[in-house]
1. Any residue at all in the range 607-628 that's outside the structural domain of A228 (by TED's automatic domain parsing), more than 14 Å from F411 (Cβ to Cβ), part of a helix (DSSP H, G or I) and in contact (Cβ under 8 Å) with a residue 60 or more places away in the chain?
2. Can you give me the number of residues within the range 139-171 that are of a type in the set (S, T, Y) and either assigned to a helix (DSSP H, G or I) or under 13 Å from T123 (Cβ atoms) (or both)?
3. Can you name the residue in the range 173-221 that is in contact (Cβ under 8 Å) with a residue 40 or more places away in the chain and assigned to a strand (DSSP E or B) and, of all such residues, is surrounded by the most Cβ atoms within 10 Å (Cβ to Cβ)?
4. Being within 22 Å of P474 (Cα to Cα), small (G, A, S) and free of Cβ contacts under 8 Å to residues at least 24 places away in the same chain is the filter here, so list the residues in the range 510-556 that pass it.
5. How do the pairs read when you match residues in the range 320-341 that are under 11 Å from Q615 (Cβ atoms) with residues anywhere that are aromatic (F, W, Y), using Cβ under 8 Å and keeping only pairs 6 or more apart or on different chains?
6. Of the residues G457, G464, which single one is part of a loop (DSSP other than H, G, I, E, B), more than 27 Å from T94 (Cα to Cα), in contact with an Asp or Glu (Cβ under 8 Å, 6 or more places away or on another chain) and not assigned by TED's automatic domain parsing to the domain that holds A638?
7. I want to confirm something. Restricting to the range 232-280 and keeping residues that are within 30 Å of D114 (Cβ to Cβ) and surrounded by fewer than 18 Cβ atoms within 10 Å (Cβ to Cβ), which single residue is nearest to the chain's Cα centre (by Cα)?
8. Return the only residue of M389, M402, M396 being at positive phi and either at pLDDT 95 or above or assigned by TED's automatic domain parsing to the domain that holds I523 (or both).
Amino acid sequence: MLKFINYFVLVVFIGTLAACTPKPTSEEAGVDLTVQALVEAYTSPTPLPTATPEPPSILTVCMGQEPTSLFLYANTTAASRGVLQAIYDGPFDTFDGQVQAVILERIPSLQNGDAELRPVEITKGEILVNADGNWVALDEATRFRPSGCTSATCAQTYSGDQPVVVDALVVRFQLLPGLLWSDGTPLTAQDSVFSFHAAQSFFGNTLEVLRYTQSYTALDAQTVEWVAIPGYQGEYATNFFSPLPQHLMGEMDRETMLISDLTTRNPLGWGPYVMDEWVPGDHITLHRNQNYFRSAEGLPRFDYLVYRFVETGSAAIDALLVGECDFVDQTALTLEGAPRLLEAQANGKIALQVTNQHSWEQAAFGITSVDETHVDFFASREVRQAVAMCIDRQGMADGLLMGLATVADGFLPPEHVLYPIDLPTYAFDPPSALALLANAGWVDSDQNPDTALTSLGRVDVMDGTPFVLDYSVPEDTLRQAAAQMVQTSLAECGIQVNINVQPWEQFLRPGPEGDIFGRRFDIAQFAWSVDQAPPCFLYTSDEIPGPSPEFSKGWGGGNLTGYNNPEYDLACRTAQTTLPDTPENIQAHQQAQIIFAQDVPAAPLYWNPDISAAQIDICVLSNGASADLDLRNIESFATQNGCPQ
């Protein structure tokens with residue numbers, strides 16, 4: 001689709017947008033760049049100059065959701081994040097499992113000198129982070145890491161009244177020089193400090209980065225220093241607070257920030273585009289930021305960016321195929337529309353993009369139930385391994401997910417930098433699984449493959465108990481279809497499955513009322529999302545939900561399987577409480593994944609695909625990190641004329 005459209009089409013298109021609502025005038029550089037101004041410019045009777053200017057270029061992104069707010073600390077929906085990519089650009093982006101600095105000189109590390117361990121003296125009663133990573137007051141029996149100690153093996157126990165010396169992690173973040181807010185005001189380190197204090201007012205210590213922060217200060221106009229509570233040794237490289245414009249928001253209180261148009265609907269940023277108008281239920285329009293720090297590179301490539309809201313995935317595909325959308329993001333596209341998208345791609349009409357890094361689908365095993373009458377089919381590791389071998393995961397990815405999903409072998413995707421190369425995997429192999437089940441005490445007692453296996457010689461299950469279990473899924477079409485495939489494949493291993501469909505509200509209900517998080521189930525299918533840090537904590541013993549005080553988190557724990565392995569706990573705790581730059585940290589993260597794969601508290605199924613699509617002539621000018629068509633790259637979207645050859 002041509003991106004430089006003729007005057008008539010431009011006036012009709014922009015006139016339609018402008019007619020939806022009165023539009024504020026941009027004050028940027030004293031130039032009126034609003035949609036209304038464009039309409040007046042191209043409908044004015046004033047004679048055109050001899051050299052006819054090219055009409056503005058417009059990039060239209062169709063979304064399946066509309067943001068409820070664009071305030072940094074009020075909304076985290078995918079739609080909001082997509083729009084904010086155009087307004088903020090960073091401060092960090094993640095490509096191929098690795099964090100990239102956007103508005104900072106570099107990612108801080110111990111190696112490059114932007115992070116250091118500074119010895120500090122702590123006296124009895126003062127706050128520190130103990131050897132287990134908990135925020136405590138120094139007292140008798142406190143296990144702590146003395147200065148120079150970077151692992152649990154050298155931790156000591158406090159036994160007196162004398163001060164101790166521990167290390168405080170100090171990290172400096174260096175802003176790129178010359179950064180400007182889109183109104184031309186310099187963006188400084190103090191804007192990040194202001195954002196830190198705003199985050200404190202909204203979240204207190206509920207965010208881990210805030211919980212472990214001792215101070216966050218501006219050393220000069222471009223340098224921020226983050227100091228951790230003494231003893232903390234954990235993630236730090238991204239503990240930088242995305243700047244907020246203190247010159248506009250400095251007098252706002254917490255309540256005003258949540259409702260002001262300057263924060264929720266028209267936020268000031270430093271990114272490639274500047275807000276023009278937001279017509280509820282229809283679209284958001286932005287124009288090129290003349291003060292963008294990458295303007296010298298010719299970015300962004302489009303004069304205008306329009307986020308258009310569509311009601312259904314089918315409507316989004318229709319709009320894409322007739323040229324009304326240049327790009328359709330993941331909020332609008334689902335697997336239901338995949339056949340049309342795949343056909344259009346095969347015919348050379350669109351470019352389809354699939355990413356598999358955001359959430360992994362799993363079949364979680366009920367290992368230990370709080371109900372003493374419940375049969376714990378999966379108390380044995382060998383049984384869990386066998387069942388994992390009985391699930392045709394590749395068949396699910398190819399059939400149910402039309403080849404758009406990647407089979408999961410653990411809780412990190414293979415491209416992640418911490419993914420171990422020797423991770424145990426479980427291919428679909430019913431004969432081997434049946435042999436493993438027989439060794440574990442589940443046998444075909446009647447020599448009839450159509451009936452369920454029965455227990456024999458197990459100490460935890462009465463002999464003759466049939467292997468008949470419930471497979472719980474939320475009220476979700478795709479997961480119900482997945483459950484049916486699991487039911488079919490487990491039947492090949494002599495395991496009979498009854499599918500138990502629950503409304504989402506009931507499925508997610510905490511214990512003791514809810515069956516799933518109340519630990520009264522056999523197998524439950526759902527997805528955990530994955531951030532940059534590996535989520536090993538979801539399966540540690542202190543996350544097991546149950547009645548307090550026996551279970552430290554009461555019914556709020558996330559380890560609904562009841563899995564408990566001290567070796568796994570140690571590996572995960574070490575990974576969480578050692579510095580990311582150290583070999584101990586990498587080894588611990590990988591060891592936790594290996595133990596998880598060996599013990600199989602949950603059978604990984606597949607990575608849920610995020611689908612987006614673009615016009616065939618839309619491409620990305622690679623920034624060296626990733627050339628994917630992704631809203632993180634919105635500033636580098638280009639037409640065919642600007643695409644790399």
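The values are calculated or read from the model by the stated rules, or taken from the named source; none is laboratory data. Since we're looking at a predicted model, the values are computed, not measured. Backbone-built Cβ (ideal geometry, glycine too); neighbour counts: all protein chains shown.
1. Within the range 607-628, not a single residue is outside the structural domain of A228 (by TED's automatic domain parsing), more than 14 Å from F411 (Cβ to Cβ), part of a helix (DSSP H, G or I) and in contact (Cβ under 8 Å) with a residue 60 or more places away in the chain.
2. Of all residues in the range 139-171, those of a type in the set (S, T, Y) come to 142, 147, 150-151, 153, 157-159.
Narrowing further to those that are either assigned to a helix (DSSP H, G or I) or under 13 Å from T123 (Cβ atoms) (or both): 142, 153, 158.
Number satisfying all stated conditions: 3.
3. Step by step, filter the range 173-221, then rank; the result is F173.
4. The answer is G514, and nothing else.
5. From the range 320-341, the pairs are D326/F637; F327/F637.
6. On the way: G464 fails: in contact with an Asp or Glu (Cβ under 8 Å, 6 or more places away or on another chain).
It is G457.
7. Of everything passing the filter in the range 232-280, E235 is nearest to the chain's Cα centre (by Cα).
8. Values: M389 fails: at positive phi; M396 fails: at positive phi.
None of the other options fit; the residue is M402.
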